[in-house]
Amino acid sequence: TECVSGCVCPKGLFDDGRGGCVEQKHCPCVHNNEWYPSGQKIKVDCNTCTCQEGFWKCTDDVCYGTCMIYGSGHYNTFDGKFYDFDGRCEYVATQDFCGDKNSSGSFSIITENVPCGTTGVTCSKAIKIFLGVSDDSQYISVIKDVGDDVQYWNRTVGLYLVIEASNGVMLIWDKKTTVFIKLSPIYKGKVCGLCGNFDDKANNDFTTRSGLQESNPLNFGNSWKQSPTCPDVTEEVKPCDLKPHRRSWAEKECSIIESDVFKICHSKVNARPFYEACVHDACSCDSGGDCECFCSAVAAYAQECIKAEACVFWRTPDIC
């Protein structure tokens, strides 16, 4: 289709896929259904790709992985698997203590989920970071155990609090209900928890604490609870069914995600799961703060768009 020789163009020229004939050195490239002229560079995650004679030539740096936990129990794993889990307990978000009980590790990140609203959905109320190795169970929001000498720094960047550790672990929190966990590529395939195993394969992210593959997100999530006394989650919460009067408002507000406002991002990041998560959150936040829930849900999609090099200016004086 793009940049092929054939009977359409004179000898030595190539069909550029858009009705023109060009020399091979001027062949364009396609990325996410968009055309780029020869010589143009784009960012794909942490790598730079250059269009050369119709083909992309990319650097092959290994990138940091990002797991996002936001709103009413929405998870987007390091490998890009999107799912919902509304558990009321403390859960392992990610850790490198995997496999046998004697395996060494350098960190563990725990999310404490509590009910938000009256429909049964839960939000992440607190994040606990254990750095180093120790049996000491004392913890605060950032826990530094004795053992391996892991240093950490925290700073505020715009709306976000950023905590960065010397072992390649970074936590970014919006001080509300959104948390990003970023891991150095040295942890590829070496972590476990609700954020998956960071091995570039989304289809095995539902690996339970015992190492089994699960297809059901509820069984998977339950396996990562910290306390055996917490109740298991047995059914998916559907707040719009419980609060049907909120559905039309939620769908109307959240439609911005699938509107022309985010048009440049739609070919790069699938909007549907983020729209559905937004409607879910807008229905569930019935104890005040419903606009904050909506704004966090839209901001989560906007953040994924930025990662895909599609910067959208969606906030206005009337919207968030």
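Details
- 32 Å tail of the calculated P(r), the chain, as % of Cα pairs: 37 percent
- Charge tally around residue 171: other residues with Cβ under 11 Å, Lys/Arg +1 each, Asp/Glu -1 each, net +1.
- Neighbour cut-off at most 14 other Cβ (10 Å), DSSP loop, trypsin sites (Lys or Arg not before Pro), the range 194-252: 201, 209
- Within a straight-line Cα-Cα reach of under 19 Å, residue 128 can be paired with the following aspartates and glutamates, leaving aside sequence neighbours fewer than 8 residues apart in one chain: 86, 90, 96, 112, 136, 145, 148, 149, 164, 174.
- Area accessible to solvent at residue 264, 1.4 Å probe radius, in Å²: 90 Å²
- Pairs spanning more than 28 Å between alpha-carbon atoms, out of 201/225; 43/201; 182/252; 43/81: 182/252.
- With Cα atoms defining each centre, the range 54-83 and the range 230-248 are spaced 27 Å apart in the structure.
- Ordered from highest to lowest accessible area with the whole protein assembly present and a 1.4 Å probe, 129, 319 read as 319, 129.
- Rounded, prolate or oblate (a/c below 1.5 giving rounded, otherwise prolate when a/b exceeds b/c) for the range 169-320 by Cα gyration tensor: oblate
- Cβ-based net charge around residue 66, under 9 Å, with every Lys or Arg adding one and every Asp or Glu removing one: +2
- Each DSSP beta bridge with both residues in the chain is either parallel or antiparallel, and the antiparallel ones are about 95%.
- Solvent-accessible area, 1.4 Å probe, carbon plus sulfur percent, for the chain: 51 percent
- Under 30 Å from residue 11, Cα to Cα: lysines that are on another chain or at least 8 residues apart: 25, 41, 57
- Ordered from highest to lowest accessible area with the whole protein assembly present and a 1.4 Å probe, 153, 35, 224 read as 153, 35, 224.
- Put a dot 7 Å past the Cα of residue 64, heading toward its Cβ, do the same for residue 238, and the two dots end up 3.9 nm apart.
- Over the chain, DSSP H runs of length four or greater, each weighted -39,500 (n - 2.57), average out per residue to a 222 nm ellipticity of -5000 deg cm²/dmol.
The values are calculated or read from the model by the stated rules, or taken from the named source; none is laboratory data. Keep in mind the model is a prediction, meaning the values are calculated, not measured. Cβ sites come from the backbone with ideal geometry, for glycine too, and all protein chains shown count toward neighbours. Ligands, DNA and RNA are excluded from the accessible area calculation, which covers all protein heavy atoms including side chains. Shrake-Rupley method; radii C 1.70, N 1.55, O 1.52, S 1.80 Å.
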